[in-house]
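Notes to accompany the following structure.
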Amino acid sequence: DAKTTQPNSMESNEEEPVHLPCNHSTISGTDYIHWYRQLPSQGPEYVIHGLTSNVNNRMASLAIAEDRKSSTLILHRATLRDAAVYYCILCYYNQGGKLIFGQGTELSVKP
Amino acid sequence: DAGVIQSPRHEVTEMGQEVTLRCKPISGHNSLFWYRQTMMRGLELLIYFNNNVPIDDSGMPEDRFSAKMPNASFSTLKIQPSEPRDSAVYFCASTIITGTNTEAFFGQGTRLTVV
């Protein structure tokens with residue numbers, strides 16, 4: 001299974017943009033890049049996913065490098081409610097869509 | 001839809017006892033996953049089902065763990081006998097596998113404590 005590498009922790013100030021990096025140098029051509037986050041005492045929740053092109057939704061933006069070996073999750077204006085562990089995951093759709101979680105990045109947001 | 005429903009939310013049991021965790025996936029979803037989360041090991045995939053059939057159980061730690069999915073709306077994860085090192089939060093997730101990529105939905109988890 002291809003792995004992802006993320007910083008263990010990051011800090012942000014409230015209402016400022018946050019860029020969460022992820023390296024996935026062994027990604028294969030059919031792997032989708034997913035981002036999930038886990039708020040304290042909750043199950044993980046989906047944030048965004050993409051294959052090759054940059055993606056936007058109401059929660060965040062996903063910027064994918066041209067060679068697909070890295071990606072960046074962008075929170076445009078961090079709020080205190082965005083404090084969570086963010087996971088970058090490669091999704092294997094030829095294996096039933098299973099998600100293999102790494103250690104993730106713990107994001108703290110300061111008021 | 002109420003989302004993925006897990007029960008119980010909390011379970012405290014004595015070492016050696018049988019424990020059964022339950023999961024109701026979102027209606028219409030065709031894949032179901034069981035995860036375990038601990039501080040030491042993070043989120044580990046234990047097993048996943050597609051159309052009620054176990055596809056990959058390589059993450060199941062040992063024979064004390066078993067999982068079933070008798071129909072599309074119910075799954076169980078059983079530990080017999082339970083041990084203190086099984087203490088963790090167990091999550092169930094479901095998704096629908098189509099031609100395009102879609103999100104997985106997680107339940108609130110079952111916090112298991114084995115004393």
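The values are calculated or read from the model by the stated rules, or taken from the named source; none is laboratory data. Computed from a predicted structure; not experimentally measured. With ideal geometry, Cβ positions are generated from the backbone for all residues, glycine too; neighbour counts draw on all protein chains shown. In case anyone asks, the SASA skips ligands and DNA or RNA and just uses the protein heavy atoms, side chains included. Shrake-Rupley method; radii C 1.70, N 1.55, O 1.52, S 1.80 Å.
The residues of the range A:2-33 that are charged (D, E, K, R), open to solvent by 80 Å² or more (accessible area, probe 1.4 Å), touching a Ser or Thr at 6+ places or on another chain (Cβ under 9 Å) and outside any strand (DSSP E or B), listed by number, are A:Lys3, A:Glu15.
Take the residues in the range A:73-111 that are among the aromatic types (Phe, Trp, Tyr) and within 9 Å of chain B (Cβ to nearest Cβ), then tell me which one is nearest to B:Ser58 (Cα to Cα). Once the filter is applied, the top-ranked residue is A:Phe101.
When the residues of the range B:40-54 are filtered to those that are within 11 Å of the chain's Cα centre (by Cα) and at the interface with another protein chain (Cβ under 9 Å from one of its Cβ atoms), the one that is nearest to B:Asn30 (Cα to Cα) is B:Phe49.
Of all residues in the range B:29-54, those being hydroxyl-bearing (Ser, Thr, Tyr) and open to solvent by 60 Å² or more (accessible area, probe 1.4 Å) number 0. Being among the aliphatic types (A, V, I, L, M) and assigned to a loop (DSSP other than H, G, I, E, B) is the filter here; which residues of the range B:1-23 pass it? Hits for the range B:1-23 are B:Ala2, B:Val4, B:Met15. All conditions but one from (1) of a type outside the set (Phe, Trp, Tyr); (2) in a strand (DSSP E or B); (3) out of contact with any Lys or Arg (no Cβ under 7 Å at 6 or more places or on another chain); (4) under 16 Å from A:Asn8 (Cα atoms) apply to A:Gln103; the one that does not is (2).
Scanning the range B:55-72 for residues that are within 15 Å of B:Cys23 (Cα to Cα) and either open to solvent by 30 Å² or more (accessible area, probe 1.4 Å) or at the interface with chain A (Cβ under 10 Å from one of its Cβ atoms) (or both) returns B:Ser66, B:Lys68, B:Pro70, B:Asn71, B:Ala72. Of the numbered criteria (1) within 14 Å of chain A (Cβ to nearest Cβ); (2) at pLDDT 95 or above; (3) part of a loop (DSSP other than H, G, I, E, B); (4) open to solvent by 40 Å² or more (accessible area, probe 1.4 Å), the one B:Ile26 fails is (4). For the range A:45-77, filtered to residues that are assigned to a loop (DSSP other than H, G, I, E, B) and without any contact (Cβ under 8 Å) to a residue 12 or more places away in the chain, the residue that is most open to solvent (accessible area, probe 1.4 Å) is A:Arg58.
Can you say whether A:Tyr36 is within 30 Å of B:Val4 (Cα to Cα), aromatic (Phe, Trp, Tyr) and surrounded by 20 or more Cβ atoms within 10 Å (Cβ to Cβ), as far as the supplied structure shows? It is true that A:Tyr36 is within 30 Å of B:Val4 (Cα to Cα), aromatic (Phe, Trp, Tyr) and surrounded by 20 or more Cβ atoms within 10 Å (Cβ to Cβ).
Restricting the range A:78-95 to residues that are at pLDDT 95 or above and β-branched (Val, Ile, Thr) leaves a set whose member that is most open to solvent (accessible area, probe 1.4 Å) is A:Thr79. Regarding A:Ser9, is this residue over 19 Å from B:Glu103 (Cα atoms), among the small types (Gly, Ala, Ser) and within 14 Å of chain B (Cβ to nearest Cβ)? In short, no.
Could you please let me know if B:Ile97 is closer than 16 Å to B:His29 by Cβ and either among the aliphatic types (A, V, I, L, M) or within 14 Å of chain A (Cβ to nearest Cβ) (or both)? Yes, satisfied. Counting only strands (runs of 3 or more DSSP E) that fall entirely inside the range B:43-109 and contain at least 1 residues that are free of Cβ contacts under 8 Å to residues at least 24 places away in the same chain and among the small types (Gly, Ala, Ser), the qualifying elements are B:65-71.
Residues of the range A:34-44 that are small (Gly, Ala, Ser) and not in a loop (DSSP other than H, G, I, E, B): none at all.
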